[in-house]
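Following: one structure in structure tokens, then a few remarks.
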Amino acid sequence: MTITNKNIFILTGAGISSESGIKTFREKDGLWDNHKIEEVCTIEAFQKNPDKVNRFYNERKISFNRSEISPNKGHIALFELEKICKKDFLIVTQNIDSLHEKAGSKNLLHMHGSLESLYCMYCGNKIAYDFDLDSSYVCFKCKKPGNVRVDVVWFGEQPKYLDQIYKFLDKTEVFISIGTSNNVYPAAGFIDYILSRKEKILLYEFNLEETAKSGLFTESFKGYASETLPNFLELVSNGIY
Ligand code: APR
């Protein structure tokens with residue numbers, strides 16, 4: 001058997017980037033231990049105190065851009081897997097960093113947005129940026145201040161690319177979940193959606209620990225993604241998976 005002859009869907013979460021030096025959300029001392037979701041990650045928070053929200057994301061962007069932050073062996077293994085996959089391949093990431101693209105991955109969707117861009121809530125203008133955002137920033141298209149925000153999906157908002165994602169899930173033959181605690185929907189429900197198709201689909205999970213959905217997978221690979229993914233890639237290359 002080789003999974004490279006099948007349509008492969010990869011879901012990634014914060015765990016794949018943690019070994020690159022980016023904090024996860026729900027582990028001990030994770031981002032949600034030190035910040036309140038309702039103060040930095042909702043439209044209501046932005047309307048009430050835009051600069052608190054902007055500061056949170058400015059700091060995150062600065063931390064992503066630190067010189068020591070680079071793709072790890074897990075990201076690179078996924079790029080290698082994409083290269084040897086003969087059918088369709090898609091990575092859907094919940095992460096807002098750019099480590100998958102830096103590793104070379106091409107078929108990639110950021111379902112929770114990314115910190116590469118801002119957009120204007122008034123006119124929809126999308127702006128690539130490399131500066132600290134503050135609420136006095138004026139959209140250069142509509143010339144209105146106060147409406148420009150990070151291009152990140154906040155709690156209560158609809159994730160991006162869902163039509164494309166579910167279309168791919170309908171033809172997925174191998175579903176691989178990496179470094180996500182499976183707490184946030186709809187991503188956490190992708191496996192339920194796939195199982196509702198009642199077809200034989202290979203389901204692999206890579207995580208340091210058991211998650212809420214571990215029992216649904218064909219096989220779980222416990223350990224650091226920077227080790228388990230290159231090992232898996234080697235097994236795939238040798239036709240074991
Ligand atoms: N290798 C594999 N798994 C790891 C590693 C690692 N090196 N390090 C951590 N993990 C696992 C943890 O065991 C945990 O299950 O990664 C998972 C991280 O979970 P969360 O912090 O909940 O991150 P994630 O699932 O991506 O969160 C989803 O929540 O707040 C939102 O929008 C935010 O996109 C995020 C969403």
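From the set of residues in segment 22-40 that are out of contact with any helix residue (DSSP H, G or I) (no Cβ under 8 Å at 6 or more places or on another chain) and not charged (D, E, K, R), which is most open to solvent (accessible area, probe 1.4 Å)?
34
Hey, among the residues in segment 1-19 that are near the ligand (Cβ under 10 Å from one of its atoms) and open to solvent by less than 10 Å² (accessible area, probe 1.4 Å), which one's farthest from residue 68 (Cα to Cα)?
11
Scan segment 173-203 residue by residue and report those that are open to solvent by less than 20 Å² (accessible area, probe 1.4 Å) and assigned to a helix (DSSP H, G or I).
187, 188, 189, 190, 191, 194
Do you know which residues across segment 72-110 are in a strand (DSSP E or B) and more than 12 Å from the ligand (Cβ to nearest atom)?
89, 90, 91, 108, 109
Of the numbered conditions (1) farther than 29 Å from residue 6 by Cβ; (2) polar (S, T, N, Q); (3) in contact (Cβ under 8 Å) with a residue 24 or more places away in the chain; (4) open to solvent by 50 Å² or more (accessible area, probe 1.4 Å), residue 136 satisfies every one except a single condition; which is it?
The single condition residue 136 does not satisfy is (3).
Taking residue 142 and the conditions (1) away from the ligand (no atom under 16 Å from the Cβ); (2) part of a strand (DSSP E or B), which numbered condition does it fall short on, given that it satisfies the others?
(2)
Going through segment 111-133 one residue at a time, which ones are open to solvent by 70 Å² or more (accessible area, probe 1.4 Å), in a loop (DSSP other than H, G, I, E, B) and not hydrophobic (A, V, I, L, M, F, W, C)?
122, 130, 132
Residues checked against (1) polar (S, T, N, Q); (2) at positive phi; (3) at pLDDT below 95:
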site	(1), (2), (3)
6	no, no, no
10	no, no, no
15	no, no, no
20	yes, no, no
30	no, no, yes
33	no, no, yes
45	no, no, no
53	no, no, no
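One line per residue, one yes/no per condition, for (1) more than 20 Å from the chain's Cα centre (by Cα); (2) touching a residue at least 24 places away in the same chain (Cβ under 8 Å):
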{"site": "5", "(1), (2)": "yes, yes"}
{"site": "9", "(1), (2)": "no, yes"}
{"site": "16", "(1), (2)": "no, yes"}
{"site": "21", "(1), (2)": "no, yes"}
{"site": "34", "(1), (2)": "yes, no"}
{"site": "52", "(1), (2)": "yes, no"}
{"site": "96", "(1), (2)": "no, yes"}
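Would you mind stating whether residue 207 is in contact with a strand residue (DSSP E or B) (Cβ under 6 Å, 6 or more places away or on another chain) and not charged (D, E, K, R)?
no
Would a scan of segment 162-172 turn up a residue that is within 16 Å of the ligand (Cβ to nearest atom) and open to solvent by 20 Å² or more (accessible area, probe 1.4 Å)?
yes
So which residues in segment 57-71 are crowded, with 17+ Cβ neighbours inside 10 Å and part of a helix (DSSP H, G or I), if there are any at all?
57, 58, 60, 61, 64
If a residue has to be part of a loop (DSSP other than H, G, I, E, B), away from the ligand (no atom under 12 Å from the Cβ) and open to solvent by less than 60 Å² (accessible area, probe 1.4 Å) to count, how many in segment 204-236 make the cut?
Qualifying residue count, segment 204-236: 1.
The values are calculated or read from the model by the stated rules, or taken from the named source; none is laboratory data. Predicted, not measured: the structure shown is a model, and the values here were computed from it. Every residue, glycine among them, receives a Cβ derived from its backbone with ideal geometry; neighbour counts consider all protein chains shown. Accessible surface areas use protein heavy atoms only, side chains included; no ligands, DNA or RNA. Shrake-Rupley method; radii C 1.70, N 1.55, O 1.52, S 1.80 Å.
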